[in-house]
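These notes concern the structure reproduced below.
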Amino acid sequence: MSDSHRPDVSREPGGRPLGDAPDEALPRLLCDTRALTGQTSAPGGALWRLAEPGRQLDANIVHLPPRERVDTHAEPDLDVLLFVVAGDGVLGTAEGPQPLTEGALHWLPHGSRRNLTAGDRGLSYLTVHRRRPGMRIRRRDEVAGQQPR
């Protein structure tokens, strides 16, 4: 398609420029995941975190060096999306191991127990979930998953 036939995506249908409103949130590029995960000797841990003010999501790009592991755990409150950016590994679940391959997108429902093990090339992955609720005081029976009396 020639440039003369492309719609002007920088303007609203009425012609007003996008981002013209003083308090309008603007989409933007956050990072280049290929450049971020392309380091063969990257240290383990978070390589990037979403830190934009007013966000409703939390997101991280995490790197595990070859054969490193995240121990078995469960996220009690939040569903998590896990997208494999680079490398490979194994997702341990109650139904058995699932391969983690570059480009794979996994849903980790809240309450599910899982662990991660990086393969020989290491594992870099993006996690995305709702922003954690603030600290709150709960009754002991709520924490244990029991119904209140």
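The values are calculated or read from the model by the stated rules, or taken from the named source; none is laboratory data. Note that this is a predicted model, so its numbers are computed, not measured. Quick reminder, even Gly has a Cβ in these numbers, built from the backbone with ideal geometry, and neighbours come from all protein chains shown. Calculation scope for accessible area: heavy atoms of the full protein, side chains included, ligands and nucleic acids excluded. Shrake-Rupley method; radii C 1.70, N 1.55, O 1.52, S 1.80 Å.
Can you figure out the FRET efficiency of Thr117 with Glu24, using R₀ = 30 Å and their beta-carbon distance, to the nearest 0.05?
Approximately 0.10, to the nearest 0.05.
When the chain is fully extended, how far beyond the present Cα-Cα distance does Arg130 get from Leu81, taking 0.36 nm per residue of separation?
Full extension from Arg130 to Leu81 adds 16.6 nm.
Please compute the alpha carbon radius of gyration of segment 70-138, then divide it by the globular-protein estimate 2.2 N^0.38 Å. Two decimals is fine.
So the Cα radius of gyration is 1.17 times the expected 2.2 N^0.38 Å.
Give the separation of the Cα centroids, segment 37-86 to segment 109-133, in Å.
The distance from the Cα centre of segment 37-86 to that of segment 109-133 comes to 6 Å.
Roughly how many Å² is the accessible area per residue of segment 45-85, as a whole number, for a 1.4 Å probe?
57 Å²
Counting other C-beta atoms within 10 Å, and keeping those with at most 15, which DSSP coil trypsin sites (Lys or Arg not before Pro) do you find in segment 59-134?
The qualifying sites are Arg67, Arg131.
Expressed as a whole percentage, what fraction of the accessible surface of segment 26-111 belongs to carbon and sulfur atoms when a 1.4 Å probe is rolled over the protein heavy atoms?
In segment 26-111, the share of accessible area belonging to carbon and sulfur is 56 percent.
Give me the one-decimal nm value for the distance between modelled label points at Ala42 and Asp141, 7 Å along each residue's Cα-to-Cβ direction.
4.7 nm
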